[in-house]
Amino acid sequence: MARDIVIWPHKVLTTPTQPVTDFGENLTTLLDEMFEALKKAEGIGIAANQVGVPLRCSWVGREDGTFFEIINPQILERSGDVTLEEGCLSVPDQFAPTPRFHKVKVKYQDRTGAWHEVEAEGKLAHVFQHEIGHLDGQVFVELLAPLKRSLIREKMLKLQKTLGRRKKSGE
Ligand code: CO
């Protein structure tokens, strides 16, 4: 079953996640559930803490529309400043120009525990930074100017109330 996506601000989104140490069936199930939530929301990436699980794993979308999982990722190198329009499944319908790096070199494990190292630029580098940010407890709104961030925060608090009411009434 697809899990619900947690809306920012929420402690699970602002707390760094724990490394994955068990590469067994539980991880496969979690990745499957995250993928379902990602497809349902039509996103380009999703981190485990966005479905309420504080573990260091995410799905990352490639430019060709395919996805792969990254587990225990680390950014090894970053270069070139860019500002890109950014949004997030945990901050629905809010988009803002966000400062990022153009290129990153990333090391991560797949679901079998095997390590990979890739250099990415453009869109893929952007998704890597967004997802690894989530795993470090950082949502993109933290990179915006304080005024913009507090405006988005107000909107999200209202949305949380609305969603909470709907849930209670069973809509
Ligand atoms: Co996000």
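Some values worked out for this structure:
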item	result
Kirkwood hydrodynamic radius (C-alpha pairs) into Stokes-Einstein, the range 30-171, 20 °C and 1.002 mPa s, D in µm²/s	134
Relative contact order (%) - criterion: Cα under 8 Å, at least six apart; region: the chain	24
Fraction of accessible area attributable to carbon and sulfur, the range 57-146 (%, probe 1.4 Å)	48
Estimated inter-spin distance, residue 110 and residue 11, nm [label 7 Å along Cα→Cβ]	3.7
Accessible surface, the chain, averaged per residue in Å² (probe 1.4 Å)	55
Cα convex hull of the range 122-171 - mean projected area over all directions, nm²	5.0
All lysines inside 19 Å of residue 168 as judged from Cα atoms, apart from same-chain residues fewer than 8 positions distant	158
Contour excess over end-to-end distance, with Cα ends at residue 158 and residue 79 and 0.36 nm allotted per residue	24.7 nm
DSSP-assigned coil residues among trypsin sites (Lys or Arg not before Pro) in the range 52-106, each with at most 14 further Cβ atoms within 10 Å	62
Mean-position separation - Cα centroids, the range 93-137 and the range 46-76, in angstrom	8
Rg over Rh, two decimals, the range 9-95 (C-alpha only, Kirkwood Rh)	0.96
Candidates 48, 125, 96, ranked by Gaussian network fluctuation over the chain, Cα under 10 Å, top entry	96
Rough spin-label spacing in nm, given labels placed 7 Å along Cα→Cβ, for residue 165 and residue 138	3.6
The chain - mean residue ellipticity at 222 nm from DSSP helices (-39,500 (n - 2.57) per run, n ≥ 4, rounded to 500)	-11000 deg cm²/dmol
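The values are calculated or read from the model by the stated rules, or taken from the named source; none is laboratory data. Here the structure is a predicted model, which means the values were calculated and not measured. Glycine gets a Cβ as well: all are built from the backbone with ideal geometry, and neighbour counts include every protein chain shown. These area figures cover heavy atoms from the full protein model, side chains too; ligands, DNA and RNA do not enter into them. Shrake-Rupley method; radii C 1.70, N 1.55, O 1.52, S 1.80 Å.
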